[in-house]
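J.: The following block contains the structure, expressed as structure tokens.
The values are calculated or read from the model by the stated rules, or taken from the named source; none is laboratory data. It should be emphasised that the depicted structure is a prediction, and the values quoted were computed from it without experimental measurement. For neighbour counting, all protein chains shown are included, and Cβ atoms are generated from backbone atoms with ideal geometry for every residue, glycine included.
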Amino acid sequence: MTAAIQRALGLGRPPRAAGRVGGGSINRCLRYETERGPVFVKLAGAPAMSMFEAEAAGLAALSQARAVRVPQVLACVADGDLALLILEWLELGPPTRAGDVLFGEQLARQHGHTERHFGWHRDNTLGTTPQHNAWCEDWIGFLRTRRFGPQLDLAERNGADGRVLDRGRRLCERLSAFFEGYRPQPSLLHGDLWAGNRAQARNGDPVVFDPAVYFGDREADIAMTRLFGGFGPDFYAAYHATWPLDAGAPARSTLYNLYHVLNHFNLFGGGYLRQARSMIDELLAQAGA
């Protein structure tokens with residue numbers, strides 16, 4: 001792998017492994033010292049190359065928005081039986097209230113980058129789950145066919161019980177109940193914005209990584225920040241001060257987070273199916289079904 005990194009970065013001298021980086025649950029992550037400074041290396045088998053390419057494209061899209069900082073992509077290469085995503089090494093510091101405020105403001109500006117339709121120019125992954133992003137003019141249709149439908153189909157293959165599947169598909173037929181009087185814009189989303197995918201650089205800059213980028217309702221990103229916690233009141237206050245959310249956003253938060261809970265069941269199993277069942281029942285009750 002050392003030779004692969006050297007070739008990918010065009011280094012004169014071989015890099016030196018400097019230890020494993022914790023926090024990832026899917027790919028192996030390492031720090032390497034090079035003649036140009038340290039780099040972050042994400043490593044997997046060659047079949048992961050398309051996943052890394054999509055991640056690199058997502059980081060590039062977020063970078064072009066010039067809002068929230070992301071690590072620079074240095075290389076994304078296949079070398080023999082390996083796939084490598086090599087990123088800028090960022091020195092991270094402790095979170096601060098000022099950083100939370102800045103992150104809220106910057107995320108709102110990122111969401112201000114919009115498209116004509118919902119989706120993205122390529123598919124990507126949420127974890128290792130394929131995420132389908134073919135363009136769609138209608139947000140409700142996008143949710144039904146690109147988000148909940150594929151997750152429910154995968155849940156069926158993974159052994160989810162019939163009640164969850166039947167009620168989940170019934171919910172898909174009732175999605176319009178959550179959008180009466182509300183027409184979301186296709187905003188540039190991180191797509192997997194939980195606390196483990198954001199940090200603060202030592203200079204105070206907020207940083208995000210591991211995206212699952214697409215253009216969708218910005219409420220979906222904000223809902224994800226609430227799913228596992230880790231975002232303080234200063235972040236939300238700064239976001240709302242920059243671009244207030246629709247009054248109906250809290251009612252849609254559970255809907256958007258159901259997608260991620262279904263995905264967690266499909267990736268990890270366990271109690272996520274019970275959580276999904278409870279969320280579906282709650283949502284159907286809200287929809288009057």
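J.: Return the total of residues in region 76-134 being over 30 Å from PHE148 (Cβ atoms) and hydroxyl-bearing (Ser, Thr, Tyr).
T.: 1
J.: Additional query: Could you tell me whether any residue of region 115-133 is part of a helix (DSSP H, G or I) and basic (Lys, Arg)?
T.: no
J.: Return yes or no: is PRO94 assigned to a helix (DSSP H, G or I), loosely packed, with under 13 Cβ neighbours inside 10 Å and either in contact with a strand residue (DSSP E or B) (Cβ under 6 Å, 6 or more places away or on another chain) or of a type outside the set (A, V, I, L, M, F, W, C) (or both)?
T.: Against the criterion (assigned to a helix (DSSP H, G or I), loosely packed, with under 13 Cβ neighbours inside 10 Å and either in contact with a strand residue (DSSP E or B) (Cβ under 6 Å, 6 or more places away or on another chain) or of a type outside the set (A, V, I, L, M, F, W, C) (or both)), PRO94 does not qualify.
J.: Restricting attention to region 40-76, report how many residues are in contact with a Phe, Trp or Tyr (Cβ under 9 Å, 6 or more places away or on another chain) and aromatic (Phe, Trp, Tyr).
T.: Matching residues across region 40-76 total 1.
J.: Looking only at region 267-285, which residues are at pLDDT 95 or above and either part of a loop (DSSP other than H, G, I, E, B) or surrounded by 16 or more Cβ atoms within 10 Å (Cβ to Cβ) (or both)?
T.: LEU267, TYR272, LEU273, GLN275, ALA276, ARG277, MET279, ILE280, LEU283, LEU284, listed by residue number.
J.: Additional query: Scanning region 153-176 for residues that are of a type in the set (A, V, I, L, M) and surrounded by 17 or more Cβ atoms within 10 Å (Cβ to Cβ), which turns out nearest to GLU282 (Cα to Cα)?
T.: Within region 153-176, the match that is nearest to GLU282 (Cα to Cα) is LEU171.
J.: I'm checking my understanding of the structure. Among residues of region 31-47 that are at pLDDT 95 or above and not charged (D, E, K, R), which one is surrounded by the most Cβ atoms within 10 Å (Cβ to Cβ)?
T.: So, considering only residues that are at pLDDT 95 or above and not charged (D, E, K, R), the one surrounded by the most Cβ atoms within 10 Å (Cβ to Cβ) is VAL41.
J.: Give all pairs with beta carbons closer than 7 Å in which a residue from region 183-205 that is touching a residue at least 12 places away in the same chain (Cβ under 8 Å) and crowded, with 17+ Cβ neighbours inside 10 Å meets a residue that is hydroxyl-bearing (Ser, Thr, Tyr) and not in a strand (DSSP E or B); count only pairs at least 6 apart in sequence or on separate chains.
T.: LEU193/THR225; GLN200/THR96
To keep it simple, each residue is scored yes or no on (1) assigned by TED's automatic domain parsing to the domain that holds GLY119; (2) outside any helix (DSSP H, G or I); (3) in contact with an Asp or Glu (Cβ under 6 Å, 6 or more places away or on another chain).
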{"site": "GLN200", "(1), (2), (3)": "yes, yes, no"}
{"site": "ASN203", "(1), (2), (3)": "yes, yes, no"}
{"site": "PRO211", "(1), (2), (3)": "yes, yes, no"}
{"site": "PHE215", "(1), (2), (3)": "yes, yes, yes"}
{"site": "ALA220", "(1), (2), (3)": "yes, no, no"}
{"site": "MET224", "(1), (2), (3)": "yes, no, no"}
{"site": "TYR236", "(1), (2), (3)": "no, no, no"}
